[in-house]
């Protein structure tokens, strides 16, 4: 290699070298990498604490090269609140799936957002419970088949899927709420922009921030990775539109 | 420092401040809401954290996050609220986080009532949540003792890296008494908090968790916890004897407010020529097993009477301690009824006349 070789791509310092346990075609890895790149770029890794959920990303602490807490199911926003209140000088983020955040942890996330807790939540929405084997989530689409709605989600029985970003954008307290996707390079770039904005607002001590990331689950959707990307684009995105739903400077965009 | 008149709940709050608590998380519930009201003024004065949460479920989990910083944090609640915190208490015990929880007990089960009771003994001393764990449990019988034990609770939580619970009945919380705070607070040295999440600067990341997917690792964690509980049983048993002497015919076992009422009964009976002794457990876990056994087996003791504001929860531990060397009987009221000294005396007289039936 020539002496003047320039590094143009490398593992973020904020990621460990642990081999992933995520399924082939799952986009958790992409989202982990984006978060790690943002921690690197903002120079905050060594004063960051992450909070892992219960779900597929329960082992997130194996992948991030920063201090980590492991929460009870749905309670990551409460842990983050307790930690950040005692250490406002540190950067705190929760990483939560849709069963964790939108079902059992709905109370904790709504009140954290409403109190304007100054941490960041990465909310990974793949419309299904992953780790427990593909059960219906609050975010499961109408007529989507899961192991607990084998004939498709019946909205007369289970109601309609919950739109977390829109719901949290209704609180009066200033905050940053966006929804992104990571199934194409273009979407990944936009997702990184939103996640970077979320952490930047936290670093500035501005407001609560949450980025909902539409994510694939080929295993529990019963699809190939390629089919899963197509399904996310054609089925999830119409119900879960991308955009910035709330911004402390009024820079909402849909 | 001069003695000042204070309500139990406020004295507990101030004791926590003096012991160095930097965070307090709460949810309103009778009969201990005065702690929250006091702390809502006191903590901001000191630049510390006061936060009213959306539920006791959230309070427990906020404590997990806050304790992970390595700073001293606590909450206070009452019976139904403590039930909601059991999830987080189990996680904190598993993750070895020091935290102090106060339960100003009211009658149960369910919504129960709002008057003083001791019916959370099982929940406090046997774990309370899921899994193999214990919390260290302290039970004051006066407001002054509540102050002293509250300060000790923070020390023991740090010493063992384990949740410590102080349980008092509603009487302890609501009663006003003269209390004295130490001029300055000092405590024996503690190990450095080299486990706290403070940012992975020039060191490897620290992970605070109760998850061990490998059963060997989980068993190892349970063994580490069990070793701590063994050390507590060896070093942290606290109890007090009252009027114990060779003329005693009956040994009473009672804690908290109930013990105090028993002392009045004992004094009055002494004047009437009946000699009764009392063993008052101060630590409920670890329980004064051998102390009770030694007192019970003395020749002059014919029967051991446990007196509680419950249906006889501590009695099971007293029976384990006595190990059959003497009969164990129960006397008590529950549901928020506080037995009077006369009521206890009446039960003691019935017992002496051989009228009190076996068991409860």
Original post:
Helix B:8-18 versus the longest principal axis of chain B: what angle, 0 to 90°, nearest 10, using Cα atoms?
Top reply: 40 degrees
Original post:
Does the stretch A:4-113 come out rounded, prolate or oblate by the C-alpha gyration tensor, with a ≥ b ≥ c the root eigenvalues, rounded set by a/c under 1.5 and, if not, prolate when a/b is larger than b/c and oblate if not?
Top reply: oblate
**OP:** For chain B, with a Gaussian network of springs between Cα atoms less than 10 Å apart, report the residue from B:104, B:82, B:301 with the top mean-square fluctuation.
**Re:** B:301
Subject >> Fluctuation leader among A:156, A:102, A:228 - chain A, Gaussian network, Cα springs under 10 angstrom >> reply: A:156
**OP:** Name the most mobile residue of A:57, A:215, A:234, meaning the one with the largest mean-square fluctuation, in a Gaussian network model of chain A with Cα contacts below 10 Å.
**Re:** A:234
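Other chains' Cβ within 10 Å of A:42-52 residues: what's the mean?
Numbers: counts 0, 0, 1, 4, 7, 4, 4, 10, 3, 5, 3.
Per-residue shielding by partner chains comes out at 4.
How high is the FRET efficiency between residue B:340 and residue B:227 when r is their beta carbon distance and R₀ equals 45 Å, given to the nearest 0.05? If you can, show how the numbers build up before the last one.
On the way: r = 44 Å, r/R0 = 0.98.
It comes out at approximately 0.55.
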**OP:** For the stretch B:171-216 and the stretch B:271-326, compute the distance between their C-alpha centroids and round to whole Å.
**Re:** 33 Å
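Please compute, for peptide A:89-97, the average count of beta-carbon atoms on other protein chains lying within 10 Å of each residue's beta-carbon. Before the final figure, lay out the partial values.
Working: counts 1, 4, 1, 2, 0, 1, 0, 0, 0.
Going residue by residue through A:89-97 and averaging, the value is 1.
Below 8 Å between Cα atoms, with a sequence gap of 6+, how large is the relative contact order for the stretch B:289-360 in percent? Write out the running numbers ahead of the final one.
Working: 95 pairs, mean separation 22.8, N = 72.
About 32 percent, as a whole number.
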Original post:
Computed FRET efficiency, Cβ-Cβ of residue A:184 and residue A:6, R0 35 Å: what is it to the nearest 0.05?
Top reply: 0.85
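Out of all DSSP beta bridges with both ends in the stretch A:81-224, state the antiparallel percent to the nearest 5. Please report the intermediate quantities before stating the final value.
On the way: 1 of 20 bridges.
Looking only at bridges with both residues in the stretch A:81-224, the antiparallel portion is about 5 percent.
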Original post:
In nm, to one decimal, how far is the modelled label at residue B:201 from the one at residue B:5, with both set 7 Å along Cα→Cβ?
Top reply: 5.1 nm
Original post:
For chain B, what is the mean residue ellipticity at 222 nm derived from helices alone (per DSSP H run of n ≥ 4: -39500 (n - 2.57); sum divided by total residues; nearest 500 deg cm²/dmol)?
Top reply: -12500 deg cm²/dmol
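With a ≥ b ≥ c taken as the square roots of the eigenvalues of the C-alpha gyration tensor of chain A, please select rounded if a/c is under 1.5 and otherwise prolate if a/b is larger than b/c or oblate if it is not? Mind dumping the intermediate values first?
On the way: a/c = 1.55, a/b = 1.19, b/c = 1.31.
Oblate shape, in that a/c is at least 1.5 and b/c is the bigger or equal ratio.
Using a 10 Å cut-off around each Cβ of peptide A:112-125, what is the average number of partner chain Cβ atoms that fall inside?
Details: counts 4, 0, 1, 4, 0, 1, 0, 1, 0, 0, 0, 0, 0, 0.
What the average comes to for A:112-125 is 1.
Please report the antiparallel percentage of the DSSP beta bridges confined to chain B, to the nearest 5.
On the way: 11 of 44 bridges.
Around 25 percent of the beta bridges assigned by DSSP in chain B are antiparallel ones.
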**OP:** In nm, give the distance between the simple-model label positions of residue B:245 and residue A:173, each being 7 Å from the Cα along the Cα-to-Cβ direction.
**Re:** 6.2 nm
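Treat the count of other C-beta atoms within 10 Å as a stand-in for reagent exposure and order B:92, B:311, A:186 from fewest to most.
Numbers: B:92 30, B:311 13, A:186 9.
By the 10 Å Cβ count, ascending: A:186, B:311, B:92.
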**OP:** Rounded to the nearest 10 degrees, what's the angle between the helix B:256-271 long axis and the longest principal axis of chain B, both from Cα atoms, 0 to 90?
**Re:** 20 degrees
Subject >> Overall form of the stretch B:28-104 per C-alpha gyration tensor (a/c, 1.5; a/b vs b/c) >> reply: oblate
Original post:
How far is helix B:56-67 tilted, in degrees, relative to the longest principal axis of the Cα atoms in chain B, given as a value from 0 to 90 rounded to the nearest 10?
Top reply: 60 degrees
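Let's test the formula: R0 of 22 Å, r as the Cβ-Cβ distance of residue B:350 and residue B:114. What FRET efficiency results, to the nearest 0.05?
Numbers: r = 31 Å, r/R0 = 1.40.
The computed FRET efficiency comes out at 0.10.
Read-outs throughout are calculated quantities, based only on the coordinates presented, and are distinct from any laboratory measurement. Every value quoted in this text rests on a predicted model; they were computed, and no experiment measured them. We place every Cβ from the backbone using ideal geometry, glycine too, and count neighbours over all the protein chains shown.
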